[in-house]
1. So ILE277 clears everything in (1) at pLDDT below 75; (2) assigned to a helix (DSSP H, G or I); (3) within 24 Å of the chain's Cα centre (by Cα) except one condition, right? Which one?
2. Within the range 252-273, can you find the residues that are modelled with pLDDT under 65 and of a type in the set (Val, Ile, Thr)?
3. Listed residues LEU153, LEU135; which is modelled with pLDDT of 75 or more and on the phi < 0 side of the Ramachandran plot?
4. In this structure, does GLY174 turn out to be in a helix (DSSP H, G or I) and either surrounded by fewer than 10 Cβ atoms within 10 Å (Cβ to Cβ) or at pLDDT below 70 (or both)?
5. Could you list, ordered by first residue, the pairs with Cβ atoms under 9 Å in which the first is in the range 4-16 and at pLDDT 90 or above and the second is basic (Lys, Arg), at least 6 apart or interchain?
6. Quick one: count up the residues across the range 77-100 that are among the β-branched types (Val, Ile, Thr) and either open to solvent by 90 Å² or more (accessible area, probe 1.4 Å) or over 16 Å from CYS19 (Cα atoms) (or both).
7. Looking at this structure, is ASP249 at pLDDT 60 or above, surrounded by 10 or more Cβ atoms within 10 Å (Cβ to Cβ) and within 18 Å of MET97 (Cα to Cα)?
Amino acid sequence: MDNLHKVKWYMFLWDVFLCSLGSYGGPEAHYGVFSSILVKKKKYITEEELTEMIGLYALVPGPSSTQTITAIGYYVGGKLLAIFTFLVWALPAMIVMTLLGMFFTFIDANHAWEPVLMYLPAAAISFIVYAAITLSRKVLKVKTDIILYIIMLILGLLFANLSMWIVPLLLILGGLSYVVPKISEKRNDKLEYKPKWFILIIVVVLALVNEVLSQTFDISILNIYTSFYKYGYSVIGGGQIVVPLMITDLVNNQSIISLNDFFSRLCNRSGNTWSVI
């Protein structure tokens, strides 16, 4: 831990920048990039620590890969580095996707881009599959883990489409199956935890204010802001969870964007940031 705090910030932020440029396909693929650059090559954290962070932020609403890499920045250099980590991680994707959003009319009119757009989803899926296989090999150490992995995989394939709550429910059940048998072993351990309630209060107050604003004013920019804030605090899971919610809200309810345009931008997303709607 002491050695981690001696890391030069500019070197760490450069590695975060490289992660941002190389991260495609959603959180599952991002974790493979984190493991390759931040764990194997630079050893800022261990594979076990990365796995724990991935599991923790999979249960927290919001973009899990962004939360994970921000937490790594906090682990390496504290609060200020965590803020810089978030900015460096988010800015490249924000800039690229904003430019794509601005010039998407030109791209749609130019048929030469159609083959590229056609194969982008396949490329994104390949990143996800590679990352899933890589991480699975690293975390499945004993027979119990393998059995639990297979059970959760089957349950996820069968029931994930039924509700947005299936994924977090499976994550919680998987965690409990590991924690409950160990409770009796550590029942004498005392754990002091002082939650920062003011952060939760701010999040709740902003959520309530946003709901009032969205119901009171019919302003396009305001509606987009309140919608995306809602996705951030209410959605647990990856793109497979938030995409149906965005279609229902932005396409069907608010008619901010057509379904065809939404899917076109969906295929062009990269990094951790959605293109500007």
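1. Only one criterion in (1) at pLDDT below 75; (2) assigned to a helix (DSSP H, G or I); (3) within 24 Å of the chain's Cα centre (by Cα) is unmet by ILE277, namely (2).
2. THR273, the sole residue that qualifies.
3. Numbers: LEU135 fails: modelled with pLDDT of 75 or more.
The unique qualifying residue is LEU153.
4. no
5. MET11/LYS42; PHE12/LYS42; ASP15/LYS41; ASP15/LYS42
6. Quick first cut of the range 77-100, residues among the β-branched types (Val, Ile, Thr) only: 83, 85, 88, 95-96, 98.
When the remaining residues are screened for being either open to solvent by 90 Å² or more (accessible area, probe 1.4 Å) or over 16 Å from CYS19 (Cα atoms) (or both), the result is 83, 95, 98.
Looking only at that region, the number is 3.
7. Criteria not met by ASP249.
Residues checked against (1) at pLDDT 85 or above; (2) in a helix (DSSP H, G or I); (3) within 18 Å of the chain's Cα centre (by Cα):
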position	(1), (2), (3)
MET1	no, no, no
LEU18	yes, yes, yes
TYR57	no, yes, yes
GLY62	no, no, yes
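The values are calculated or read from the model by the stated rules, or taken from the named source; none is laboratory data. These figures come from a predicted structure and were not determined experimentally. We place every Cβ from the backbone using ideal geometry, glycine too, and count neighbours over all the protein chains shown. Ligands, DNA and RNA are stripped out before the accessible areas are found, and what is left, the full protein with its side chains, is counted by its heavy atoms. Shrake-Rupley method; radii C 1.70, N 1.55, O 1.52, S 1.80 Å.
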